[in-house]
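The values are calculated or read from the model by the stated rules, or taken from the named source; none is laboratory data. All values reported here derive from a predicted model rather than from experimental measurement. Here Cβ is always computed from backbone atoms with ideal geometry, including for glycine, and neighbour counts include all displayed protein chains.
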């Protein structure tokens, strides 16, 4: 009798845990959808018709970098990265949320991230922000501040971020 009671209670506990985990996953997907919907309502930068953010490398948390981009006060035209880290032949793994906003491009001629990005971006007024994978924007206006500092005569370069156009590469 005691054994069947313990088995029954264990079975009920397993069902409750599975139901709670299922609700957590649904909430996360809902939160992701809400975050993307909110991001889609944000304005673009007032001075630049096209801003592309390119995330470079495989070392560092790309999900954290992308989520920090999505938390910025301005919306960018595209978020990109390479398919893999060619030096280590490592494939970059990313979450489903980040896959939904990230465009992954190959570099078939091994020209490197900067040159291959500007070969795709043919518009002269496109501004490209190169971000080191793993970097997290801490202030929701940080990306806008970097773009505001950029001028046609001087690219913006820091340890983790570079802002430039095709004439500056």
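Below is a table of values for the structure above.
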{"quantity": "Segment 144-164 residues that are within 18 Å of residue 133 (Cα to Cα), paired with ones that are part of a loop (DSSP other than H, G, I, E, B) (beta carbon under 6 Å, 6 or more apart)", "calculated": "156/150; 160/135; 163/150; 164/155"}
{"quantity": "Count of residues meeting criterion [surrounded by 11 or more Cβ atoms within 10 Å (Cβ to Cβ) and either at pLDDT 90 or above or over 28 Å from residue 144 (Cα atoms) (or both)] in segment 30-48", "calculated": "5"}
{"quantity": "In segment 58-69, the residues that are within 14 Å of residue 35 (Cα to Cα) and buried (at least 20 other Cβ atoms within 10 Å of the Cβ)", "calculated": "66, 69"}
{"quantity": "Pairs where the first residue, in segment 86-107, is under 14 Å from residue 55 (Cβ atoms) and the second is at pLDDT 75 or above and assigned to a loop (DSSP other than H, G, I, E, B), C-beta under 9 Å, 6+ apart", "calculated": "92/57; 92/133"}
{"quantity": "Residues (in contact with a helix residue (DSSP H, G or I) (Cβ under 8 Å, 6 or more places away or on another chain) and touching a residue at least 40 places away in the same chain (Cβ under 8 Å)) located in segment 133-143", "calculated": "133, 134, 135, 136, 137, 138, 143"}
